[in-house]
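Worksheet for the structure shown next.
The values are calculated or read from the model by the stated rules, or taken from the named source; none is laboratory data. If you're wondering where the values come from, they're calculated on a predicted model, not measured in any experiment. No Cβ is skipped: glycine too gets one built from the backbone with ideal geometry, and neighbour counts run over all protein chains shown. Keep in mind that these areas ignore ligands, DNA and RNA; they rest on the heavy atoms of the full protein, side chains included. Shrake-Rupley method; radii C 1.70, N 1.55, O 1.52, S 1.80 Å.
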Amino acid sequence: MTARRSVLIVGESLAGTTAARHLRALGHTGPLTIIGAEEHGAYSRPPLSKAVLKDPAADHNLGLALDGLDAEAIRSPAVTADTRGRTVTTADGRQVDYDALIVATGADARRLAAPGQRGELVLRTLDDARLLRARMADAGSAIVLGAGFLGMEVASACAARGIPVTVVDTDQPLERILGGHLSAVITARAAEYGIRFVQATGFATLTGDPVRGVALPDGTELTADLVVTCAGEVPCVDWLAGTGLADRLGVGIDHACATSVPGVFAAGDVTYLRGDGTLPDRRAPFWSNAVTQGRTAAASVLGLPSPGPPTDDYFWTEVAGLTLKIVGRLPLLGAATTVQGSVTDGRALLTWGHADGTSTVVAYGLRKPVGALRALAAPSSPPAP
Ligand SMILES: Cc1cc2nc3c(=O)[nH]c(=O)nc-3n(C[C@H](O)[C@H](O)[C@H](O)COP(=O)(O)OP(=O)(O)OC[C@H]3O[C@@H](n4cnc5c(N)ncnc54)[C@H](O)[C@@H]3O)c2cc1C
């Protein structure tokens, strides 16, 4: 594509703004438009569950601004796309033409409320975080449904504010991703921090209208002032209906972030990397992945080679006052090698070796530059042919 042709990015957040910045950095001088659905414009989501829930001052340090990029920002959600006519229509009736389109509409929180059941709380946007923070101010108890990264971060924020909190899930906290050993250590630490865990034998449902509790399959009902659903995310693809671009997992992309439709690329939480016969379809709704794919999509739009692989496997989280940095393939299976420190002391460097010579590295409560973790995760010897 020549530098003067028009690029439209739909989704004004991490993947979209990264793509916009890289398009300009790579020499795109043509029209650049970005369509966003949130009046706040672009902002960073990881601090929502870590800082914003605890401190209103954090609201002002989230910016991912488009300043100086010479991009037109339209703040009205895209409602339809016509990939043959190469145009996207927004809720306020604008039709925006493009030569190349980057889909970066991310994901929304998965909700569990029954149709018509009011008052379900989730955490995906700045507005969600502000509402949750306000509700935390006078909550005497809380339930978090879901013991993944987000659920444990929300529970940690409740505990840090002195709110007794119960986390409910069918699996132990973080077990699906970090395996049994780390999960057990984190669950014990969380209990000391004021986070109680209840393991459900099956699907839990929200009770009350407005929501005020959770019913477990064994008939137990838990109630609290605050009930927060942290049950994963759903790719935002409704506006792509009829284009053939999206399915249940989101928008399928290849290693160049190209979709199945010519001229359309995609990046970030809205995507999944299509399987290639040896590997299955893979979703990776994490920060570093959205950045990597934003860059790759920008290069591909301009017909340039990809700057690297289309996925990045660095992730971090904060649970019960502890920071975990993880580089490498997940989920973690089997026993770890302790390279430094000890998990029981709350500071350790752990590795899990894989058959291809790479490792997954976890810095558990230990300050380590991400570069050092990446070096440790890299293949120790070339993979077998
Ligand atoms: C509370 C929270 C904490 C997190 N913490 C971590 C963490 O510690 N570490 C980590 O690696 N990752 C974390 N993540 C994940 C990380 O924030 C995401 O991977 C990242 O935001 C993905 O960026 P994105 O641009 O692909 O999608 P999103 O950030 O979801 O942005 C998509 C944007 O598109 C907009 N949009 C949707 N539909 C339309 C439409 N039809 N028209 C126009 N715009 C539309 C949305 O409003 C949104 O602004 C966290 C996420 C959340 C919610």
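Summary table below
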item	result
Single match in R295, R283 (criterion: open to solvent by 10 Å² or more (accessible area, probe 1.4 Å), at pLDDT 95 or above and among the basic types (K, R))	R295
Test: residue in segment 188-209 that is under 25 Å from L349 (Cα atoms) and free of Cβ contacts under 8 Å to residues at least 24 places away in the same chain	yes
Test set (1) open to solvent by 10 Å² or more (accessible area, probe 1.4 Å); (2) assigned by TED's automatic domain parsing to the domain that holds A71 - R176 fails condition number	(2)
Verdict on T90 being β-branched (V, I, T), open to solvent by less than 20 Å² (accessible area, probe 1.4 Å) and assigned by TED's automatic domain parsing to the domain that holds R295	yes
Strands (runs of 3 or more DSSP E) wholly inside segment 69-156 that include at least 1 residues being under 30 Å from A188 (Cβ atoms)	107-109, 142-145
Members of segment 255-301 found to be over 26 Å from G85 (Cα atoms), more than 13 Å from the chain's Cα centre (by Cα) and within 12 Å of the ligand (Cβ to nearest atom), listed by number	T292
Evaluation of D99 against (1) in contact (Cβ under 8 Å) with a residue 60 or more places away in the chain; (2) touching a strand residue (DSSP E or B) at 6+ places or on another chain (Cβ under 6 Å); (3) surrounded by fewer than 17 Cβ atoms within 10 Å (Cβ to Cβ); (4) of a type outside the set (S, T, N, Q) (one fails), failing number	(2)
Residue in segment 216-232 that is of a type in the set (D, E), loosely packed, with under 15 Cβ neighbours inside 10 Å and over 22 Å from M152 (Cα atoms) present	yes
Candidates V251, V214 - the one that is assigned to a strand (DSSP E or B), under 26 Å from the mean Cα position of the chain (by Cα) and in the same structural domain as S156 (by TED's automatic domain parsing)	V214
Close pairs from segment 298-323: first among the acidic types (D, E), partner open to solvent by less than 20 Å² (accessible area, probe 1.4 Å) and in a loop (DSSP other than H, G, I, E, B), Cβ under 7 Å, at least 6 apart	D313/G328
Members of segment 21-61 that are open to solvent by less than 10 Å² (accessible area, probe 1.4 Å), within 11 Å of the ligand (Cβ to nearest atom) and of a type in the set (A, V, I, L, M, F, W, C)	I34, I35, L48, V52, L53
Tally of residues being within 13 Å of L178 (Cβ to Cβ), open to solvent by 50 Å² or more (accessible area, probe 1.4 Å) and out of contact with any Ser or Thr (no Cβ under 8 Å at 6 or more places or on another chain) across segment 304-334	3
Where L330 falls short, out of the listed (1) within 16 Å of the ligand (Cβ to nearest atom); (2) hydrophobic (A, V, I, L, M, F, W, C); (3) in a strand (DSSP E or B)	(3)
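Yes/no per residue for (1) within 11 Å of the ligand (Cβ to nearest atom); (2) of a type in the set (A, V, I, L, M):
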| site | (1), (2) |
| --- | --- |
| A81 | yes, yes |
| D99 | no, no |
| V103 | yes, yes |
| A109 | yes, yes |
| P115 | no, no |
| L121 | no, yes |
| R124 | yes, no |
